[in-house]
Amino acid sequence: MIPETCEAAYRATLDPRWSWAPGMKRLRYAPGKKDHLKNEGRVPDFRDTWDYEAWAVVPDLDDPATLGCILALIRSVSNDPRLRVRWSKSLDEWQVVPSDRRGPVYDPRNMATAHGPTEGLAMAAVFTGGPDAAEGSDPA
């Protein structure tokens, strides 16, 4: 993962709505250390005993299975089972679109609308407050 994607993944895990699901691929988050982005394997099941407090890990936003788990999480938290992620050729970006909208109008009060240059970054933006939140602004 590139640094921008890694940072977005880390910020997403800090959101109280975030939860890990079986099948998600974990990468160690240790910027500046030699084991930064070391593969920590997949979350085995809901009885996972991984110590998330002791080891900072991030989801691999390039992994298809992890992206599917994140989409399921977004649908669950937003209570929108028909929410979808799509590529907008005209805007040249990925968009997370609620079932009741035709386009991704970003509104920080509605967590189910976001966009980004990759599918993973668009879904992470749901938790981080959008692509403009990268400069340290508070998504809430």
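Quick notes
- For segment 79-97, the tally of residues that are closer than 18 Å to L121 by Cβ and of a type outside the set (V, I, T) stands at 11.
- E53 vs. criteria more than 16 Å from the chain's Cα centre (by Cα) and at pLDDT 75 or above: no
- Residue check for L73: of a type in the set (A, V, I, L, M, F, W, C) and modelled with pLDDT of 90 or more: yes
- Count of residues meeting criterion [more than 14 Å from the chain's Cα centre (by Cα) and not aliphatic (A, V, I, L, M)] in segment 1-48: 21
The values are calculated or read from the model by the stated rules, or taken from the named source; none is laboratory data. Because the structure is a prediction, the values reported are computed rather than measured. Here the Cβ is made from the backbone with ideal geometry for all residues, glycine too, and neighbour counts use every protein chain on show.
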